[in-house]
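Peer 1: Sharing a structure with you now.
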Amino acid sequence: MTETSATKPPQLRAARARKQSIIKFVILFVTLAFLFVPLLAMLIFTLRHPLSGRWSAAPWIAIFTGNGESLGADLTVLWQGIGTSLALSAVTVVIMLVLLLVPTMVIVHIRSKALERAIEWVATLPLTIPAIVLVVGLGPIYRWLSADVLSTNPIWLCFAYVILVMPFAFRAIAVGLNSIDVKTLVEASRSLGASWPKVFFKVIIPNLWQSILSASFISIAVVLGEYTVASLLGRMNLQVALYQLGQSNSQISTAMSLLALLFGVVLLVALDLISDAMRKSREGK
């Protein structure tokens, strides 16, 4: 008979626990080094001039003061890219949540499981299609829209970005729908005389807030980091602006990239804090 962990001598259990602790520490250290060493190298690059070796915080000062002329960089394109990306993030999230995923997913989740699986397949399809292939298909459409219907304003990239963020947003909302008994909530509300709009906004949406926030924050992070579609369609966003800025001053471009990464981390931390606060609020009721 083999010994279980409870029947092993204390010395063996302690040795096994120490061995597991060492393995966990090594894995954690390697993972953190893999993640943070490149970021540390980027930070050093922004502070140390690559040719002279002189240490200076001038790139960071230029970003926060908005004046990069002394370093030979025009920051106008950077502010334009930041404004465009923030506007695109807001419009993309609104279209994705209000017009597409939330109403469609709730209705299909209640009415038809077969149709729900079909929508899941369609929503996750962009994960299997490279962005450059999407651009090949979207290029003629955007050429027609820019010439005959809309304009060349970068804000119209929101239609392409909805496609890019759909798989991530779909999965976040699907987790929320599967964690609650939507059919029971709907039937109970309808039996009490609630209309469909009231059921949707006062019963279902409050139970999906955490999933909606997750989908929104993930979508914002994807839009802020998108480069391929905007670049190949000739539109300006944050990543295209960073690339253009890097042609004149790579240190400022790298510093701004670090700030964009920091903003993404702040979004994830905010999502975690908001989720904990919402969960504690529900438990306290």
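Peer 1: Ranked from highest to lowest mean number of other Cβ atoms within 10 Å per residue, what is the order of the peptides 176-185, 139-148?
Peer 2: Top of the packing list down: 176-185, 139-148.
Peer 1: Counting only residues 5 or more places away or on other chains, whose amide H sits under 5 Å from the amide H of Leu75 once H atoms are built in the peptide plane?
Peer 2: Distant-sequence amide H within range of Leu75: Gly68.
Peer 1: Using the Karplus equation 6.51 cos²θ - 1.76 cosθ + 1.60 (θ = phi - 60°), what ³J(HN,Hα) coupling, rounded to whole Hz, does each residue of region 24-38 give in order, writing x for Gly and Pro?
Peer 2: Residue by residue, region 24-38 yields 4, 5, 5, 4, 5, 5, 5, 5, 5, 5, 4, 7, 9, 4, x Hz.
Peer 1: Okay, next question. Using the per-residue mean of other Cβ atoms lying within 10 Å as a proxy for protection, in what order, highest first, do the peptides 228-240, 47-59, 76-88 fall?
Peer 2: 228-240, 76-88, 47-59
Peer 1: Once a ≥ b ≥ c are taken as the square roots of the eigenvalues of the Cα gyration tensor of the chain, is the result rounded (a/c under 1.5), prolate (a/b larger than b/c) or oblate (a/b not larger than b/c)?
Peer 2: oblate
Peer 1: Can you order the peptides 31-43, 102-114, 205-217 by their average number of other Cβ atoms within 10 Å per residue, highest first? Before the final figure, lay out the partial values.
Peer 2: Values: 31-43: 11.0, 102-114: 15.6, 205-217: 18.9.
Result, highest mean Cβ count within 10 Å first: 205-217, 102-114, 31-43.
Peer 1: Let me ask another. In the structure displayed, which of Lys19/Lys280; Lys113/Lys202; Lys113/Lys198 lie more than 32 Å apart, Cα to Cα?
Peer 2: Lys19/Lys280
Peer 1: Continuing with the same structure: Can you send over the solvent-accessible area of Phe159, 1.4 Å probe, protein chains only, in Å² to the nearest 10?
Peer 2: 90
Peer 1: So who's got an amide H within less than 5 Å of the one on Ser56, skipping anything under 5 residues away but keeping other chains? H placed 1.01 Å off N, in plane.
Peer 2: Arg48, His49
Peer 1: Taking only protein heavy atoms and a 1.4 Å probe, what accessible area per residue, in Å², does region 74-248 have with all protein chains in place? Mind showing how you got there, number by number?
Peer 2: On the way: 8840 Å² over 175 residues.
For region 74-248, the per-residue accessible area is 51 Å².
The values are calculated or read from the model by the stated rules, or taken from the named source; none is laboratory data. This one's a predicted model, so the numbers in the text were calculated from it and none came from an experiment. Here Cβ is always computed from backbone atoms with ideal geometry, including for glycine, and neighbour counts include all displayed protein chains. Please note that ligands, DNA and RNA were not included when accessible areas were found on the heavy atoms of the full protein model with its side chains. Shrake-Rupley method; radii C 1.70, N 1.55, O 1.52, S 1.80 Å.
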